[in-house]
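> Please find one structure pasted underneath; my questions will follow.
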Amino acid sequence: MFSFRAPSGDDVRRLLERQRDLPFPYPGAGMSRQGRGPEGFQAAHHRVRLGTGQAAFDRARAAVRAWTMFRMDWVRLYWPTAPIETGTAVAMAAHTMGFWTVNASRIVYTLDERGSVEIFGFACGTLPHHVERGEERFSVQWDHADDSVWYDLWSFSRPGHLLVRLGEPLARRLQQRFVAASLEAMARACRTFPGNDLSNRVG
C-alpha cells in the first residue's frame, strides 16, 4: 500500500486481480446515490460550474468517460481507458511526501438520468487495498432551469489504515488537495464554454 517506488503496470494488474471481486469493506454500499453515508463516516460535497448548454454537458460527459477528474501531476490512474460500468475496478497511485500509495476501488453504480436535471456519472467504492473506507460519487449535471452545467463530487469516508488514522489531519489535507485538483481538471476540460467558473464552488 505504501512504497518508495512507483508501481509497475504488472504490479497493478496483479493487485486488481486479487481485489476486483472482494466485498466492499464498509457498510452501506451505494448510499452515496442518495447523498448520505453510514453513521461514523465523514461526508463532503464539492462542485464547480463547467459552463452552460448542451455542448458543455456533452463535453463534460466525455470528460467523465475519460476519467479526466483524475488528471493531476501527482496521481496515476490504472487505467483511464477503463469502461464506466458497474463492477469496473481501477487503482489510483498517488505520490506524496516522497512515497507512493496505491489504492483500489470498484464502480458501485452508474448514473445516466434525464429530466429537469440531467445527470451522468458513477460512484467508486473503496476495496480492501485502500487507505480509506468509503465511496465517492463523480457526476456532471445539467440543470435546465438555468442551463448551467456542473461537476459534482460527493463522498463519505473514514480512515482505513492505521497510519491514516494516526495522521488523520494530514490525510484530510491530501483529500482536499485531490478535490481541488479534480475540480480544476474538469473545469479545464470545459474551459471554452460560456459560464465556466472555477471560482464558483460549493462545499
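The values are calculated or read from the model by the stated rules, or taken from the named source; none is laboratory data. A quick note: this is a predicted structure, and the numbers were derived from the prediction, not measured. Cβ coordinates were reconstructed from backbone atoms using ideal geometry, including for glycine residues, and neighbour counts include every protein chain displayed.
> What residue, among those in region 141-151 that are in contact with a Ser or Thr (Cβ under 7 Å, 6 or more places away or on another chain) and in a strand (DSSP E or B), is surrounded by the most Cβ atoms within 10 Å (Cβ to Cβ)?
Top of the filtered list is 149.
> May I ask you to say which residue of 56, 93, 82, 62 is outside any strand (DSSP E or B) and within 21 Å of residue 11 (Cα to Cα)?
Result: 82 is the single residue among 56, 93, 82, 62 that is outside any strand (DSSP E or B) and within 21 Å of residue 11 (Cα to Cα).
> For region 159-170, does any single residue satisfy the condition of being surrounded by fewer than 19 Cβ atoms within 10 Å (Cβ to Cβ), among the basic types (Lys, Arg) and at pLDDT below 85?
Checked region 159-170: at least one residue is surrounded by fewer than 19 Cβ atoms within 10 Å (Cβ to Cβ), among the basic types (Lys, Arg) and at pLDDT below 85.
> One residue is enough: does region 72-83 have a residue meeting the conditions crowded, with 17+ Cβ neighbours inside 10 Å, touching a Leu at 6+ places or on another chain (Cβ under 9 Å) and free of Cβ contacts under 8 Å to residues at least 60 places away in the same chain?
No: zero hits.
> May I pose another question? In region 87-102, how many are more than 20 Å from residue 159 (Cα to Cα) and surrounded by 13 or more Cβ atoms within 10 Å (Cβ to Cβ)?
2
> Within the set of pairs 6+ apart or on separate chains, which have a first residue in region 45-67 that is surrounded by fewer than 18 Cβ atoms within 10 Å (Cβ to Cβ), a second that is assigned to a helix (DSSP H, G or I), and C-beta atoms under 6 Å apart?
As it stands, the answer is 46/179, since those pairs meet every condition given.
> Give the number of residues within region 24-65 that are farther than 15 Å from residue 117 by Cα and among the acidic types (Asp, Glu).
Qualifying residue count for the region: 1.
> Does any residue of region 65-83 turn out to be more than 16 Å from residue 189 (Cβ to Cβ), in contact with a Ser or Thr (Cβ under 6 Å, 6 or more places away or on another chain) and among the aromatic types (Phe, Trp, Tyr)?
There is no residue in region 65-83 that is more than 16 Å from residue 189 (Cβ to Cβ), in contact with a Ser or Thr (Cβ under 6 Å, 6 or more places away or on another chain) and among the aromatic types (Phe, Trp, Tyr).
> Among 138, 122, which is at pLDDT 95 or above, farther than 15 Å from residue 56 by Cα, in contact with a Gly (Cβ under 6 Å, 6 or more places away or on another chain) and of a type in the set (Phe, Trp, Tyr)?
Answer to the check: 138.
Let's see how each residue does on (1) under 16 Å from residue 37 (Cβ atoms); (2) buried (at least 21 other Cβ atoms within 10 Å of the Cβ):
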residue	(1), (2)
105	yes, yes
110	no, no
120	no, yes
129	no, no
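> Taking the conditions exactly as written (aromatic (Phe, Trp, Tyr), within 23 Å of residue 110 (Cβ to Cβ) and in contact with a Pro (Cβ under 6 Å, 6 or more places away or on another chain)), does residue 67 satisfy them or not?
Answer is yes for this residue.
> Residues being of a type in the set (D, E, K, R), in a loop (DSSP other than H, G, I, E, B) and touching a strand residue (DSSP E or B) at 6+ places or on another chain (Cβ under 7 Å): count how many of those fall in region 6-35.
1
> Give me the residue from region 96-120 that is in a strand (DSSP E or B) and farther than 27 Å from residue 50 by Cα and, out of that set, farthest from the chain's Cα centre (by Cα).
Filtering region 96-120 for residues that are in a strand (DSSP E or B) and farther than 27 Å from residue 50 by Cα, the one farthest from the chain's Cα centre (by Cα) comes out as 99.
> Condition first: under 20 Å from residue 181 (Cβ atoms) and in a strand (DSSP E or B). Now tell me which residues in region 127-140 satisfy that.
Hits for region 127-140 are 132, 134, 135, 136, 137, 138, 139, 140.
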